[in-house]
Amino acid sequence: MYYSLIVLLPLIGALIAGFGARWIGDRLAQLIPSGILVLVALMSWAGLPGAIAADPEHITWFRWMESGALAVDWGIRLDTLTGVMLVVVTSVSAIVHVYSMGYMEHDPSKPRFFAYLSLFTFAMLMLVTADNFVQMFFGWEGVGLASYLLIGFWHHKDSANNASMKAFIVNRVGDFGLALGIFGVFAIFGTLDFSEVFAQVPAMASATFSFLGYELGVTNTLCLLLFIGAMGKSAQFFLHTWLPDAMEGPTPVSALIHAATMVTAGVFLVCRLSPMFEYAPAASAFITYIGATTALFAATVGLVQNDIKRIVAYSTCSQLGYMFFAAGVGAYEAAMFHLFTHAFFKALLFLGCGSVIHAMQDEQDIRRMGGLWRLILPTYVLMVVGTMALTGVPPFAGFFSKDMVLETAFASPTTGGTFAFALGLLVAGMTAFYSWRLVFKVFHGPRNGDPDAYTHIHESPPVMLIPMGFLFLGSIVAGGLFYEYFVGDAMHWFWGHSIYHAKDNYVLIEKYDEMHNIVHAAHYVPFWVKASPFFAMLAGTGLAFYMYILHPGLAERVRRANPGVYDFLLNKWYFDELYRTIFVRPAMALGRFFWKKGDGRTIDGAIDGLSMGIIPAMTALYSRVQSGYVFHYALAMFIGVAALVSFAVMGS
């Protein structure tokens, strides 16, 4: 009952805010969902020790559906993976709820906003607590719906409407792959219950099937299809285009959806299905390459962006790439560790951006800012701490988790691991550069914005700063405090059987001549591997300081000297233009063809032809028959009777 309340209480808050606002008023429509989420977050932290167990606990609510061999229960799979995600989702959601009370103070639709936030939280909790594929898919699609509503919350703006549609459609592409994977799981294993499927996977590891003349591995194919869903939800390369546009939603939405919850659902999916991915080497290799490529792509684009929220959004995309290539090499614990720490400092950075935007009267272009650190000092301190955690400055949270991700990639004996380590190291330097570029351009240097805007700058109210303080604390201590549990000596006790490692994938530790899982082996990589992310961070930070503090005009000269490269990065590798050419325009042309030729000319033309041609002509003919003379009607009756008699005689 305890964990069931954690899942269901946000839904109650959503219903109260969404349907009861006219009776309870706007203020209570904010306070009640926010209070519920604070309570749920406290319950999640208190319940985390109870979730730590060797074997998962199954809490069944009721039988959801039963049709032939398909039987699906609605319930909770309680293990360490669930407990960690409950803490992450509810903590960030509670902070965002409270923060939004200040940020959305002047918005006329506050009850609707808080209803959407709580609905999103409920859907995310259903996803992470699911005990089977169908319930997980329900939460997966619920999160997609709620994100569509939140991104397009300001529906009076065309840009917000377009962004919400783009996010919804791109995610449906990924979800189609996820659905096919779920169908395939049921076809192969005859069940959709996680535990039953996981128990059968080792026996199916070598099974194949024929497709278009090729013999394909069953497990690899299923895992690739399932990962396509993760690619869409977590904005990985090829299905990433929706993420930066989603910044059209209110800033608290960015913190909730794009920092710690929805975009991490794909990482959670891969970790939850580790018993399957451990027997799918081709799928795992694909995840590694996609994750590393995503990290590089997003980092390069983030170097030149000027919208303060888009810079942080591309940072999110890049860090998700880290999490995925960690999962791809089998370091699921490291992926979850980075997910956990990332939630604190990335939510802090998004909410810090909201505080800056709030102070600058909705200005988001960093080129129109500068010299803000004295005017909004608390926000400046919070942003600097978030940046240090993101870039991996010791002893902040990101230092522990990002380094562990890179070390596991190096420890992996696969080519993909080497590729991921090399790109991850390069991305670490880029991350430091664009993160400090944001800080230097916004808070230091000359004031480049509208002079009138600077006269009205004010610090955010306590209702916004205090929630950020909790993220500030987490950004400092989360890495060191939880290191031993997530990836250290207590790792096996902490994770139990919620994460699985196949013995065939163990790595040799030459120092001890023993085989261990990839995370344990990462502790024994050479010292230069452990030190290299730190020096990459220093290089990126130093370059940003040199270009934007010591020589402020240097960046502009570099841009003018390399217009092609700059435009390529500024336009996000031209993916939007490419997709518009390949998919959007042909789809629009096809739709226009069916509209003009199919609906307009064929269907409407046929109806118009009947109504304006044949029917009037027949009406005119029948009107002549109705002459009003009795002998005409008698003649018609005689002809009809004669025809009937003739038909009867001929028939007999």
field: Scope the range 362-411; condition open to solvent by less than 10 Å² (accessible area, probe 1.4 Å) and part of a loop (DSSP other than H, G, I, E, B); matching residues
entry: MET369, GLY370, LEU372, ILE376, GLY392
- request: Using the structure shown, decide if LEU225 is open to solvent by 10 Å² or more (accessible area, probe 1.4 Å) and in a helix (DSSP H, G or I).
  value: yes
- prompt: Assuming TYR99 fulfils every condition listed in (1) of a type in the set (Phe, Trp, Tyr); (2) assigned to a helix (DSSP H, G or I); (3) open to solvent by 10 Å² or more (accessible area, probe 1.4 Å) apart from one, which condition is it?
  reply: (3)
message: Please list, ordered by residue number, the helices (runs of 4 or more DSSP H) wholly in the range 508-602 having 2 or more residues that are in contact with a helix residue (DSSP H, G or I) (Cβ under 7 Å, 6 or more places away or on another chain).
response: 518-522, 527-545, 554-561, 563-570
task: Identify, by number, the condition in (1) touching a Pro at 6+ places or on another chain (Cβ under 8 Å); (2) of a type outside the set (Val, Ile, Thr); (3) surrounded by 22 or more Cβ atoms within 10 Å (Cβ to Cβ) that ASN220 doesn't meet.
output: (3)
statement: Restricted to the range 412-425 and to residues being open to solvent by 40 Å² or more (accessible area, probe 1.4 Å) and among the hydroxyl-bearing types (Ser, Thr, Tyr), the residue nearest to ILE518 (Cα to Cα) is THR414
field: Residues (part of a helix (DSSP H, G or I), open to solvent by less than 10 Å² (accessible area, probe 1.4 Å) and farther than 23 Å from PHE168 by Cα) located in the range 246-286
entry: CYS271, ARG272, SER274, MET276, PHE277, ALA283
statement: Being of a type in the set (S, T, N, Q), farther than 28 Å from GLY217 by Cα and open to solvent by 10 Å² or more (accessible area, probe 1.4 Å) narrows GLN305, GLN319 down to just GLN305
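So that you can scan it fast, the table gives a plain yes or no per residue for (1) of a type in the set (Ser, Thr, Tyr); (2) farther than 15 Å from GLY249 by Cβ; (3) within 19 Å of the chain's Cα centre (by Cα); (4) modelled with pLDDT under 90:
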| residue | (1), (2), (3), (4) |
| --- | --- |
| VAL89 | no, yes, yes, no |
| VAL96 | no, no, yes, no |
| TYR103 | yes, no, no, yes |
| PRO111 | no, yes, no, no |
message: Return the residues of the range 412-435 that are modelled with pLDDT of 95 or more and either of a type in the set (A, V, I, L, M, F, W, C) or outside any helix (DSSP H, G or I) (or both); say none if nothing qualifies.
response: PHE419, ALA420, PHE421, ALA422, LEU423, LEU425, LEU426, VAL427, ALA428, MET430, ALA432, PHE433
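Residue-wise test of (1) open to solvent by 10 Å² or more (accessible area, probe 1.4 Å); (2) hydroxyl-bearing (Ser, Thr, Tyr); (3) out of contact with any strand residue (DSSP E or B) (no Cβ under 6 Å at 6 or more places or on another chain); (4) touching a residue at least 60 places away in the same chain (Cβ under 8 Å).
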| site | (1), (2), (3), (4) |
| --- | --- |
| VAL128 | no, no, yes, yes |
| PHE137 | yes, no, yes, no |
| LEU149 | yes, no, yes, no |
| TRP154 | yes, no, yes, yes |
| SER159 | yes, yes, yes, yes |
| ASN162 | yes, no, yes, yes |
| PHE176 | yes, no, yes, no |
| GLY181 | no, no, yes, no |
- prompt: Name the residues in the range 1-29 that are assigned to a helix (DSSP H, G or I) and not aliphatic (A, V, I, L, M), would you?
  reply: TYR2, TYR3, SER4, PRO10, GLY13, GLY18, PHE19, ARG22, TRP23, GLY25, ASP26, ARG27
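The values are calculated or read from the model by the stated rules, or taken from the named source; none is laboratory data. Values in this document were obtained by computation on a predicted structure and should not be read as measured data. Heads up, the Cβs are rebuilt from the backbone with ideal geometry, glycines too, and the neighbour counts pull from every protein chain shown. Note: areas computed on protein heavy atoms with side chains; ligands, DNA, RNA excluded. Shrake-Rupley method; radii C 1.70, N 1.55, O 1.52, S 1.80 Å.
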